[in-house]
Amino acid sequence: MTLTTNLRARTLDRQGLEQLADWLAVGVAVSLPWSTSATSILVVLWLLAVLPTLDVAMVRRELMSAAGGLPVLFCALGALGMLWADVSWHERFGGFNSFYRFLAVPLLLAQFRRSEHGFRVLFGFLLSVTAVLFCSWALVLFPSLPWHPSYPGVPAKDYILQSTDFLMCAFVLFALVFDDTRAGRWSAVAWRIALAFLFLANIALVVSGRTTLLVAPVLALLLGWREFGWKGVLSAALLFGILGAAAAIKAPYLHARLEKSIQDLQARQPSDEANSTIDHLELMKKAVSFVRTSPIIGHGTGSIGEQFRNAAIGKSGFEAIVGLNPHNQILNVAVQLGLVGAVAMMAMWIAHFMLFRGSGLTAWIGIVIVTQNVVSSLVNSHLFDFTQSWLYVFGVGVAGGMVLRERERPAGSHETNQVTA
């Protein structure tokens with residue numbers, strides 16, 4: 001009798017921790033658009049809650065897969081890279097801070113392969129980003145409000161993250177619109193179209209990162225392929241070209257943003273603006289030269305700053321630019337870990353892209369997350385930025401676990417957490 005009671009108590013304790021871990025994952029998703037500190041705290045609490053609920057077999061299964069194992073391999077390479085970096089250990093550990101987050105991917109895959117509550121996390125993120133959207137519009141439409149953020153129209157974090165979140169949510173909503181249209185859910189179609197256009201209008205009229213403008217056409221083409229194949233790709237290219245050109249000409253903010261980028265390229269001199277296009281190109285050019293001097297294993301984890309400082313000694317003008325970020329994720333990794341690290345990272349991207357092959361909503365959400373990160377990483381190091389990195393890790397982990405769960409579900413069965421509202 002006592003043994004039975006103890007087993008029942010342990011089962012209840014484990015179930016309670018599982019539910020707590022699921023809700024903490026929701027908390028992380030909700031906090032990402034708003035607060036770095038809250039995200040850090042919630043991630044730690046999530047780890048403390050989820051680890052006791054995962055047995056060795058569950059974690060091993062994810063580690064043996066490409067989607068779960070390659071992030072761990074990538075992190076391990078980052079740890080090994082500290083051994084041959086010719087910089088202080090403080091800088092080495094500082095560089096490794098960009099890698100350790102990927103250890104969470106197999107844990108999330110295991111958790112949400114088991115859990116039925118993955119859509120709570122995704123829906124929580126959508127609600128949180130929607131709250132940012134309405135705050136942003138309020139700041140623009142009611143300038144007399146006592147709230148004055150550091151950047152106009154950006155209530156939290158930065159404009160790059162905000163426009164990234166808005167773009168991803170818009171394209172998930174567009175996919176839902178197509179699904180709802182086929183199912184005849186017209187009331188849902190109406191509010192989802194309205195919300196999606198509010199997201200895109202904010203990008204065009206209020207504030208956007210140049211990276212967002214690079215990602216948008218790629219997502220448009222992928223959505224066209226998802227819905228209608230090659231005909232959809234051609235239609236998306238035509239429609240996006242027309243609407244994009246109209247927005248670039250008629251939307252004052254977007255027009256000024258594009259014009260500033262062109263002026264940066266024509267100036268051919270260092271700019272006082274920290275995010276100058278020409279400065280970014282110069283940092284990328286220098287990073288290529290660093291890779292050439294150690295192409296196989298790189299200069300070691302945390303070595304980027306030292307490489308830029310050494311290259312700037314005795315130089316002036318463009319050649320004196322120093323940075324910690326070459327504004328290209330592949331170069332960021334290649335400078336530190338060479339081709340070995342860059343190949344491992346790209347293999348991880350491919351594995352995650354392949355994880356989300358399929359036609360369901362969850363698969364599309366995963367494709368949006370991976371595509372956004374890969375494309376934006378051509379001109380940023382978003383995989384190593386705090387919020388962008390956790391967004392990728394939790395997005396891939398949660399949506400990936402849900403996809404794996406769906407594939408294991410017997411044909412004809414249904415989950416209760418699908419988005420139907």
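The values are calculated or read from the model by the stated rules, or taken from the named source; none is laboratory data. This one's a predicted model, so the numbers in the text were calculated from it and none came from an experiment. Using ideal geometry, Cβ is built from the backbone for each residue, glycine included, and neighbour counts are taken over all protein chains shown. Keep in mind that these areas ignore ligands, DNA and RNA; they rest on the heavy atoms of the full protein, side chains included. Shrake-Rupley method; radii C 1.70, N 1.55, O 1.52, S 1.80 Å.
A few comments on the model shown:
- Taken one residue at a time, the phi angles of segment 50-63 give Karplus couplings (6.51, -1.76, 1.60, θ = phi - 60°) of 7, 4, x, 8, 9, 8, 4, 5, 5, 5, 4, 4, 6, 5 Hz. Gly and Pro are set to x.
- Alpha carbon convex hull of segment 18-148, volume per residue in cubic angstrom: 152 Å³
- Potential lengthening of the chain between W191 and R407 amounts to 74.7 nm, from the contour at 0.36 nm per residue minus the alpha-carbon distance.
- Peptide ranges 38-47, 83-92, 205-214 listed from the most packed, as the mean C-beta count within 10 angstrom indicates: 205-214, 38-47, 83-92
- Using a probe radius of 1.4 angstrom, the carbon and sulfur fraction of the accessible surface of segment 45-98 is 73%.
- Extension gain, I350 to L145: 0.36 nm times the residue separation minus the Cα-Cα distance gives 69.2 nm.
- Among 18-31, 59-72, 187-200, the order from most to least packed when residues are scored by Cβ within 10 Å on average: 18-31, 59-72, 187-200
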